[in-house]
Amino acid sequence: MACTIMHSRTTLSPSSPSSSAPGFLPPNPLFHVTTLRFRTLRKCFPFEKPLSVSVSASASSTSNRLRALVFDCDGVILESEHLHRQAYNDAFAHFNVRCPSSSQSQLPLYWDSDFYDDLQNRIGGGKPKMRWYFGENGWPSSTILEKPPEADEDRAKLVDTLQDWKTERYKEIIKSGTVEPRPGVLRLMDEARAAGRKLAVCSAATKSSVILCLESLIGIERFQSLDCFLAGDDVKEKKPDPSIYLTASKRLGISPQDCLVVEDSIIGLQAATRAGMSCVITYTSSTADQDFKDAIAIYPDLSDVRLKDLELLLENVVPAG
């Protein structure tokens, strides 16, 4: 039976229970999103077989070798989008953050799930998210500052305070013990370690929150055995900028073409490919419709993915150009 891949252009029109969220996100100059309707794909491809892109039929003499497996954290190691959104909204309520453009400006700012899905898939990092939002909707009043900030120093204070409180709230949620790693992640890490491959985690999130997530979800022993761990604090530019993956390559001492990245979103995919690394996608409910044409494989999760599968994929990648 033939499989049809349906392409359509994404319309970004987030809604919110309060009208504090903007009607549309701005066009992103970094990429043009064309959605891939995975419901159609799932009817045609068994889950244990990935949708593979840009691979040759057989490995060449110049094929790549998987020497390092590099994981994103949020969305890959754990389903975290709703947890981050909850922590942001709790921070906005705690500090009574109110944007002037809202028709319900007497109520604290609230990001609903549809809007946050669009926002997080456009802008990496918590502080950049808030700076963009406040820039579009007006800098808010709050209990942090008596008036909406106008000076850069005051705006930085507002964003830093919100982010710090949000991070601590997120840690509390993780510590609750209700969060589990996504299927297949721990087994794949253990397979890679047993095979002598290097392991890294590269996340755009705040370092302290990522450390807590990793220690809680993959265990302290696995975390301490990582060959490289980088968070948003460690690089100047957030994903989709490739800085975090280029830095990981240098610290690992392994060329980008011998690294394989596991990501969940178009932002992460772009960061990896711009660093010269191949990338597989394990999508979430909020990223399933994104255009992953540059990934070498696409999975719903890692439950049926083995290290040998990834090694074969990387060996058969067609060199760029």
Output for segment 233-245, where each listed residue is touching a residue at least 12 places away in the same chain (Cβ under 8 Å) and of a type in the set (D, E, K, R)
ASP233, ASP234, LYS238, LYS239, ASP241
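When segment 253-278 is examined, which residues are found to be assigned to a strand (DSSP E or B) and either open to solvent by 10 Å² or more (accessible area, probe 1.4 Å) or charged (D, E, K, R) (or both)?
GLU263, SER278
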Kindly indicate whether any position in segment 97-117 is surrounded by 18 or more Cβ atoms within 10 Å (Cβ to Cβ), at pLDDT below 95 and among the β-branched types (Val, Ile, Thr).
no
Total residues in segment 71-80, condition within 14 Å of LYS166 (Cβ to Cβ) and open to solvent by 10 Å² or more (accessible area, probe 1.4 Å)
1
Among (1) of a type in the set (A, V, I, L, M); (2) under 23 Å from ARG85 (Cβ atoms); (3) open to solvent by 10 Å² or more (accessible area, probe 1.4 Å) - the single one LEU214 does not satisfy:
(3)
Checked LEU214, LEU230 against criteria (over 20 Å from ILE123 (Cβ atoms) and either of a type outside the set (Gly, Ala, Ser) or touching a residue at least 40 places away in the same chain (Cβ under 8 Å) (or both)); the one match is LEU214
Within segment 121-141, track down each residue that is in contact with a helix residue (DSSP H, G or I) (Cβ under 7 Å, 6 or more places away or on another chain) and either open to solvent by 40 Å² or more (accessible area, probe 1.4 Å) or of a type in the set (D, E, K, R) (or both).
LYS127, LYS129, ARG131
On the basis of being part of a helix (DSSP H, G or I) and open to solvent by 30 Å² or more (accessible area, probe 1.4 Å), does GLU146 make the cut?
no
Residues being in contact (Cβ under 8 Å) with a residue 12 or more places away in the chain, open to solvent by 70 Å² or more (accessible area, probe 1.4 Å) and within 25 Å of LEU302 (Cα to Cα): count how many of those fall in segment 157-187.
2
Looking only at segment 188-210, which residues are of a type in the set (A, V, I, L, M, F, W, C) and open to solvent by 50 Å² or more (accessible area, probe 1.4 Å)?
ALA194
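The values are calculated or read from the model by the stated rules, or taken from the named source; none is laboratory data. The shown structure was predicted, so the numbers you read here are calculated from the model rather than taken from an experiment. Positions of Cβ are generated from backbone atoms using ideal geometry, with glycine treated the same way; all protein chains shown enter the neighbour counts. To get the accessible areas, we keep the full protein, side chains included, count just its heavy atoms, and leave off ligands, DNA and RNA. Shrake-Rupley method; radii C 1.70, N 1.55, O 1.52, S 1.80 Å.
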